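Visitor: This is the structure I have questions about; it appears just below.
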Amino acid sequence: MHLLKQFFIVMFMLFLGTILSDFLHIPIPGNVIGMALLCISLITGTVKLKDVEEIANLFLNNLAIFFICPSVGIMLYFDIIKVKFIAIVIPTILSIFIGLGITGKIVEIIVNRKGVDTDG
């Protein structure tokens with residue numbers, strides 16, 4: 001029964017996020033807002049980690065299942081992907097390197113600010 005309660009808490013946060021997104025016309029998906037609400041609730045202590053930890057671990061352990069539908073859906077668009085392959089691949093690769101570079105610089109700034117010895 002505790003798994004059902006934990007599942008309800010996570011789904012309730014997703015529901016709240018969807019409601020906020022729809023009624024306030026926020027250009028952020030409801031599921032993202034819902035997860036942000038759950039994160040804020042965990043940080044503030046409104047929701048205790050033990051109240052959602054087991055269901056979160058269940059979701060994480062079965063994460064691959066959630067990618068099956070989108071992966072199958074992509075197969076419907078192979079003809080478009082074939083035509084626009086370069087226009088898809090180049091920005092993807094560029095964004096990966098830009099993201100890695102920015103993340104590396106931010107980590108470097110944080111490590112230098114804290115004075116952490118990274119030489120081992």
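The values are calculated or read from the model by the stated rules, or taken from the named source; none is laboratory data. For clarity, every value in this text was computed on a predicted model and none was experimentally measured. Quick reminder, even Gly has a Cβ in these numbers, built from the backbone with ideal geometry, and neighbours come from all protein chains shown.
Visitor: Quick one: residue 88 ticks every box in (1) modelled with pLDDT of 90 or more; (2) closer than 30 Å to residue 12 by Cβ except a single one, so which number is it?
Guide: (2)
Visitor: For segment 1-118, list the helices (runs of 4 or more DSSP H) that sit wholly inside it and hold at least 2 residues that are in contact with an Asp or Glu (Cβ under 9 Å, 6 or more places away or on another chain) and loosely packed, with under 12 Cβ neighbours inside 10 Å; which are they?
Guide: Details: elements: 2-23, 30-44, 53-61, 68-74, 78-83, 85-114.
So the answer is 2-23.
Visitor: Going by the structure shown, is residue 34 at pLDDT 90 or above, in contact with a Gly (Cβ under 6 Å, 6 or more places away or on another chain) and small (Gly, Ala, Ser)? Show your work before the answer.
Guide: Working: at pLDDT 90 or above: yes; in contact with a Gly (Cβ under 6 Å, 6 or more places away or on another chain): yes; small (Gly, Ala, Ser): yes.
Taking the combined requirement at face value, the residue satisfies it.
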